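Notes follow the structure.
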Amino acid sequence: MMGHILRLSVWEWHKLRRRWLPWVLLGIVVILMQAAVWGAYVVHRTEPFSPNYSFSTSDEVEGEEVTLFAADWTCKDVRGDRIPPEVEDLEEELRGKVLESIEEFRESCAGYEEVRGFTGNALLLPNSILLAFTLLQGTLFILASIMAAAALGGEYGWGTLRTVLTKGTGRWQFLAAKVAALMFTALVGLALAAASVALSSLAIGAFGLEGAALQGSAEWLDVPIKIGTLLYSFLPYVMLALLATVLTSSTALGITAFVVYYVVESTASPILNNFAWFQRVSEYLLSPNVTAVLQASYGEVSVSIDGGGDAAQPELLHAVLVLAGYILVFGVLTFLLFQRRDITGAKGG
Amino acid sequence: MDTNPVIQTEGLTKRYGKILAVDGLSLTVPRGHVFGLLGPNGSGKTTTMGMLLGLVRPTSGSFSLFGSRSDRQASLRRVGAIVETPTFYPYLTGRQNLAYFQGILGRGTARELDDLLEQVGLADRGNDGFHTYSLGMKQRLGLAYALLGDPELLFLDEPTNGMDPAGMAEMRELIRSLGTEDRTVFLSSHLLNEVEQVCDSVVILSKGKLIAQGSVAELLKGRGRIRLRTTDNAQAATVLAALDWVEDAKIDNGTVFVTAPPERAAEVSAALSRAEIYLTEMTSGQDSLENYFLEITSEEGAAQ
């Protein structure tokens, strides 16, 4: 039986990789991840958010106000022991006054330098991979669910379910193979996306990252853990997309039903969290528990993606069990519905 | 050799809300035949095939394939089928589609794919995308798919649909050659002349009910048709209708059509002579399955 499902999974994977959609979705993921990493690098390099300091001193000469020295500096100009070159040529008294101001400004830059050091570290391997996955996880859920709905919805649309099932393929075995192939495809996609981020990170490292440590502070082991938790978090969404597709026998309606649920839950939950009565309910919703599972695998790259509201994050074990519950409920409903429904000809969409 | 009937149904029924698509169908299909399933549109042919292939859940009743009621998957692995228009993955080529189905079946070789493509006349188009195929080519690929794994039972639903006359003749010959001692073909078609040429036995459905079953020869036995013109057609029809071995005699467009065994044409002539009615023209022959089908299904319709 397991051998049969494995064989079906391998052939489902063959079918999936010959479609355009997984490659298009992979392209979107890679582009977004590259945009995230290179965007973070440009911000790190150009420092558009650096605090500014304006220095100006003047004297009265023959009744007129004359500017003796004026300059605008950012934290970059005074970083470490650096002294702006224009200060070197000043008279000693004025120079001493300016250096005193620079020292005060340098102290006020400390907080910014700490954040900058962190973003620099986040661009180094393996932190950059974790950063990219963390920033894009919401998008990844949506893309994985689109792929799931399209993989099953296509069978309804083309009418190929009938062709598959009349060759002695059991319904639940076929669906199990579909889920396995989808998760394997997602794994390959995440691995390829991670590899693309790694290449960019190596290039960024070669350009030099001022203010960053030589090596990221996360462990390489955090990457497979992150991918594993992402895949686990995908599963309830994938099963939800499959359930919606089996219910509607259509890719488009399956994706729509999933997106509506995802958007409603993600937007309504933070608002409703402001009401005490809702916070107990919130502990059992999908998105807070997915967030809790994913935050446990951030490593050192802790970017908050909390939806807001005052609700406390569920405990990790609680979150893992709630997700397992969702996977089970959506999975059982999908399998039962798929098992019992009559299979008709092509639906065409 | 296994002597179990390949298909046996008992009271098989499918209801869609208020519509009774198949009504208590009981039939037995013996091994090694080309078996025809006939019926007007909406008579329940495709629903019956769907139930036997596990695509449609029966509302009530039961059936067995190869004598087994329990292990449907194992039974279906001995079956090949085309239901309505064959459907395949449009982004794969014909050969890749067959390779996929061969792969999930878990048996067969690349050589088998070549042979099948050759057998159905798609050898030179096997590497083209399925989305480029005409309806006739889809039917051919469907037949190749149905033959994957050398099945013992073939379900073919309108297999010549969309084919040109030469392709239809070729397909008929192929189907005829497939119904051998070890293999049974369960064919549904609305082309009655096709069924008459190809099938050994037929079942006729009307409004989901079985209304006739038997070999083509049995069903048409005694159903000859004699066509004649006389010096007094009205009187001729009256005289002939009174004979107990004549089933029917009616006039249409200046011709008397007599339903009677064709070998009794001489007795028709004699009976008319006795009544001083003289023949000006007479032809006789076996009734066609088409006439029989139209008659029996219209009678069934009128009875309801």
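Test A:Val61 against the criterion of being under 30 Å from A:Phe174 (Cα atoms) and either out of contact with any helix residue (DSSP H, G or I) (no Cβ under 7 Å at 6 or more places or on another chain) or not assigned by TED's automatic domain parsing to the domain that holds A:Leu94 (or both), and give yes or no.
Working: under 30 Å from A:Phe174 (Cα atoms): no; either out of contact with any helix residue (DSSP H, G or I) (no Cβ under 7 Å at 6 or more places or on another chain) or not assigned by TED's automatic domain parsing to the domain that holds A:Leu94 (or both): yes.
So A:Val61 does not fit the description; no.
Checking the structure you have, find out if any residue of the range B:95-103 is in contact (Cβ under 8 Å) with a residue 12 or more places away in the chain, open to solvent by 50 Å² or more (accessible area, probe 1.4 Å) and facing chain A (nearest Cβ under 7 Å). Within the range B:95-103, none of the residues are in contact (Cβ under 8 Å) with a residue 12 or more places away in the chain, open to solvent by 50 Å² or more (accessible area, probe 1.4 Å) and facing chain A (nearest Cβ under 7 Å). For the range B:134-181, filtering for residues that are hydroxyl-bearing (Ser, Thr, Tyr) and open to solvent by 40 Å² or more (accessible area, probe 1.4 Å) leaves 3. Do we have B:Leu113 as modelled with pLDDT of 90 or more, more than 14 Å from chain A (Cβ to nearest Cβ), open to solvent by less than 20 Å² (accessible area, probe 1.4 Å) and out of contact with any Cys (no Cβ under 9 Å at 6 or more places or on another chain) here? So B:Leu113 fits the description; yes. Restricting the search to strands (runs of 3 or more DSSP E) fully inside the range B:1-92 and requiring at least 2 residues that are open to solvent by less than 50 Å² (accessible area, probe 1.4 Å), touching a strand residue (DSSP E or B) at 6+ places or on another chain (Cβ under 8 Å) and more than 13 Å from chain A (Cβ to nearest Cβ) gives B:7-16, B:19-29, B:34-38, B:60-65.
Given the options B:Leu122, B:Leu116, name the one that is assigned to a helix (DSSP H, G or I) and at negative phi. Please lay out each step first, then the result.
Numbers: B:Leu122 fails: assigned to a helix (DSSP H, G or I).
Every option except B:Leu116 fails the conditions.
Using the structure shown, decide if B:Glu194 is under 30 Å from A:Thr166 (Cα atoms) and open to solvent by 10 Å² or more (accessible area, probe 1.4 Å).
Numbers: under 30 Å from A:Thr166 (Cα atoms): yes; open to solvent by 10 Å² or more (accessible area, probe 1.4 Å): no.
Criteria not met by B:Glu194.
Mind counting the residues in the range A:1-50 that are within 12 Å of chain B (Cβ to nearest Cβ) and either open to solvent by less than 60 Å² (accessible area, probe 1.4 Å) or touching a strand residue (DSSP E or B) at 6+ places or on another chain (Cβ under 6 Å) (or both)?
Of the residues in the range A:1-50, the ones within 12 Å of chain B (Cβ to nearest Cβ) are A:1, A:3-23.
If we keep only those that are either open to solvent by less than 60 Å² (accessible area, probe 1.4 Å) or touching a strand residue (DSSP E or B) at 6+ places or on another chain (Cβ under 6 Å) (or both) too, we end up with A:3-5, A:8-9, A:12, A:14-16, A:19, A:21-22.
Matching residues across the range A:1-50 total 12.
Scanning the range B:262-285 for residues being open to solvent by 60 Å² or more (accessible area, probe 1.4 Å), in contact with a strand residue (DSSP E or B) (Cβ under 9 Å, 6 or more places away or on another chain) and of a type outside the set (Ser, Thr, Tyr) gives a total of 5. A:Ala122: over 24 Å from A:Leu16 (Cβ atoms), under 15 Å from the mean Cα position of the chain (by Cα) and more than 12 Å from chain B (Cβ to nearest Cβ), yes or no? Taking the combined requirement at face value, the residue satisfies it.
A quick yes/no check of all residues on (1) in contact with a Ser or Thr (Cβ under 6 Å, 6 or more places away or on another chain); (2) modelled with pLDDT of 85 or more:
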site	(1), (2)
A:Ser101	no, yes
A:Ser108	no, yes
A:Phe118	no, no
A:Ala122	no, no
A:Ala132	no, yes
A:Gly154	no, yes
A:Trp158	yes, yes
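Only helices (runs of 4 or more DSSP H) whose full extent lies in the range A:4-119 are considered here, and the ones with at least 2 residues that are within 30 Å of A:Leu135 (Cβ to Cβ) are A:20-46. Within the set A:Gly308, A:Gly299, the sole residue that is within 20 Å of A:Ser269 (Cα to Cα), modelled with pLDDT under 95 and either open to solvent by 50 Å² or more (accessible area, probe 1.4 Å) or assigned to a loop (DSSP other than H, G, I, E, B) (or both) turns out to be A:Gly308.
Please enumerate the residues belonging to the range A:125-139 that are among the aliphatic types (A, V, I, L, M), assigned to a helix (DSSP H, G or I) and either within 14 Å of chain B (Cβ to nearest Cβ) or open to solvent by 10 Å² or more (accessible area, probe 1.4 Å) (or both). Reasoning before the result, please.
To start, the set of residues in the range A:125-139 that are among the aliphatic types (A, V, I, L, M) comprises A:125, A:129-132, A:135-136.
Subset that is assigned to a helix (DSSP H, G or I): A:129-132, A:135-136.
Scanning the range A:125-139 gives A:Leu131, A:Leu135, A:Leu136.
Could you say which residue among A:Val115, A:Val87, A:Val98 is surrounded by fewer than 18 Cβ atoms within 10 Å (Cβ to Cβ) and not basic (Lys, Arg)?
When all the criteria are applied, what remains is A:Val115.
The values are calculated or read from the model by the stated rules, or taken from the named source; none is laboratory data. Predicted model, so just to flag it, every value in this text is computed and none were measured. Don't worry about glycine lacking a Cβ; one is built from the backbone with ideal geometry, like all the others, and counts go over all protein chains shown. Each accessible area value is taken on the protein alone, full model and side chains, heavy atoms only, with ligands, DNA and RNA left out. Shrake-Rupley method; radii C 1.70, N 1.55, O 1.52, S 1.80 Å.
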